[in-house]
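S.K.: Next up is a structure, given as structure tokens.
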Amino acid sequence: MWHQEEIHLSERPRGFHLITHELVGALPWLAECERGLLHLQLLHTSASLTLNENSDPDVRHDLDAFLRELVPEGLPYFRHTLEGSDDMPAHVMASLMGTQLSLAVRSGRLALGTWQGIWLGEHREQGGERRILATLSGQD
Amino acid sequence: MWHQEEIHLSERPRGFHLITHELVGALPWLAECERGLLHLQLLHTSASLTLNENSDPDVRHDLDAFLRELVPEGLPYFRHTLEGSDDMPAHVMASLMGTQLSLAVRSGRLALGTWQGIWLGEHREQGGERRILATLSGQD
Amino acid sequence: MWHQEEIHLSERPRGFHLITHELVGALPWLAECERGLLHLQLLHTSASLTLNENSDPDVRHDLDAFLRELVPEGLPYFRHTLEGSDDMPAHVMASLMGTQLSLAVRSGRLALGTWQGIWLGEHREQGGERRILATLSGQD
């Protein structure tokens, strides 16, 4: 079985956001898949997708704080500055975190670890709506 | 063909560990796959999976040393500190390295480059046993 | 449908290179795939694959400049130094960026976002030819 669907996420503030439930809610055909893989591709280059802790919001705060320190705005060797001082750091963060994930599916559900959740990293101050293309392949 | 199996790795010390042979040994059905993809998902958020050099243990030492310098314990803006000073750095490293890999399969074997091996990154001092969910899709 | 093919990329200078068109040109069977996933695995450990901005070459310059600052040559705790001072930094960058990508395919084409392109990160001064193993699974 193959399914493919584009999911639209409303604008979120800069930082990391737990989107597991919103994504799964938009993919009802997941429930029909006994064994497979769900591929998620963010269609942007200044935001990211990563798997991390699904419980304490402080973990999301801390990873965002770490990245802001690691990739500050206004680095003297940055040339790509016309789209705003937060733009080039956002491109760097997108490649450090990644923009695509493949996730195991088992018995109609994402086979995440107990503490795993899907995070959207919004790395722009005003990133606007974000789109994810979800592709499922598997056995029903 | 689809196969799915959970693999249990015994506790390892903090650092990177080459696990290619242990993983392949646990997946006998790989040999039946003429062409496909093996997906590996670590079911944890304070350890990682990455592809890197399979020969000189110094490479594993050096990447671990680099990450310990990059993400030190006790950063003043970390809020998630109740689970130990190595916990939040481990979450950061997990997202920097990644926790899932898709690997090409060809003629019944992982189609790794000559120098490529699968590394488990254990980022906690006492991470305990780690579980990987392996999913194979392919042609026999 | 399954297809698998090894692609050879000629030597490029150190830095990031946009390779979307070269890759797609080497995979004519992509056009027959209505819905699927293209997996790309770089068969090396001192270069990388990442998705990022496909238009302004300054973005590629800036990410490379950032990584050279982040992972300088000659760090005092590096032990893996016999293959040249650029070698261990290249291994670090390979794991930070990643060496494999899965990309959605829709209506015979890569379903990239408007601004997304596939980048090869060449992290050695003289990395030589690089090989990518491309694996497509999907519906025709």
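S.K.: Could you pull out the residue among C:His8, C:His3, C:His21 that is open to solvent by 40 Å² or more (accessible area, probe 1.4 Å) and without any contact (Cβ under 8 Å) to a residue 60 or more places away in the chain?
M.R.: Only one candidate qualifies: C:His21.
S.K.: So, one more: Test B:Ser46 against the criterion of being within 13 Å of the chain's Cα centre (by Cα) and modelled with pLDDT of 95 or more, and give yes or no.
M.R.: yes
S.K.: What number of residues within the stretch C:46-66 are among the aliphatic types (A, V, I, L, M) and at the interface with chain A (Cβ under 7 Å from one of its Cβ atoms)?
M.R.: Final tally of qualifying residues: 4.
S.K.: Could you check the stretch C:30-41 and list, in sequence order, the residues that are surrounded by fewer than 16 Cβ atoms within 10 Å (Cβ to Cβ) and not charged (D, E, K, R)?
M.R.: Within the stretch C:30-41, just C:Ala31 meets the criteria.
S.K.: Can you find a residue in the stretch B:65-85 that is touching a strand residue (DSSP E or B) at 6+ places or on another chain (Cβ under 9 Å) and farther than 26 Å from C:His44 by Cα?
M.R.: yes
S.K.: Tell me which strands (runs of 3 or more DSSP E) are completely within the stretch A:60-140 and hold 2 or more residues being modelled with pLDDT of 95 or more and over 30 Å from C:Gln139 (Cβ atoms), or say none if there are none.
M.R.: It comes to A:116-122.
S.K.: For the stretch B:42-56, which residues satisfy the criterion of being touching a residue at least 40 places away in the same chain (Cβ under 8 Å) and surrounded by fewer than 18 Cβ atoms within 10 Å (Cβ to Cβ)?
M.R.: Within the stretch B:42-56, just B:Ser55 meets the criteria.
S.K.: Give the residues of the stretch C:88-140 that are open to solvent by 10 Å² or more (accessible area, probe 1.4 Å), at the interface with another protein chain (Cβ under 8 Å from one of its Cβ atoms) and over 19 Å from B:Leu103 (Cα atoms), sorted by residue number.
M.R.: C:Arg106, C:Leu112, C:Thr114, C:Trp115, C:Gln139
S.K.: Shifting gears a bit: Of the residues in the stretch B:4-29, how many are under 30 Å from C:His123 (Cβ atoms) and either within 10 Å of the chain's Cα centre (by Cα) or of a type outside the set (D, E, K, R) (or both)?
M.R.: Number satisfying all stated conditions: 11.
S.K.: If the requirement is being under 17 Å from the mean Cα position of the chain (by Cα), within 22 Å of A:Ser95 (Cβ to Cβ) and open to solvent by less than 20 Å² (accessible area, probe 1.4 Å), which of these qualifies: A:Val71, A:Val59?
M.R.: None of the other options fit; the residue is A:Val59.
S.K.: Let me ask something else about it. Looking at (1) free of Cβ contacts under 8 Å to residues at least 40 places away in the same chain; (2) farther than 26 Å from A:Leu70 by Cα, find the lone condition where B:His39 falls short.
M.R.: Just one mismatch for B:His39, condition (1).
S.K.: Of everything in the stretch C:76-87, what is touching an Asp or Glu at 6+ places or on another chain (Cβ under 8 Å) and either open to solvent by 20 Å² or more (accessible area, probe 1.4 Å) or facing another protein chain (nearest Cβ under 9 Å) (or both)? Give them in sequence order.
M.R.: The answer is C:Tyr77, C:Phe78, C:Arg79, C:His80, C:Thr81, C:Gly84, C:Ser85.
The values are calculated or read from the model by the stated rules, or taken from the named source; none is laboratory data. Here the structure is a predicted model, which is why all the values come from computation and not from measurement. Cβ atoms come from the backbone with ideal geometry, glycine included; neighbour counts cover every protein chain shown. Surface accessibility is based on the protein's heavy atoms, side chains included, excluding ligands, DNA and RNA. Shrake-Rupley method; radii C 1.70, N 1.55, O 1.52, S 1.80 Å.
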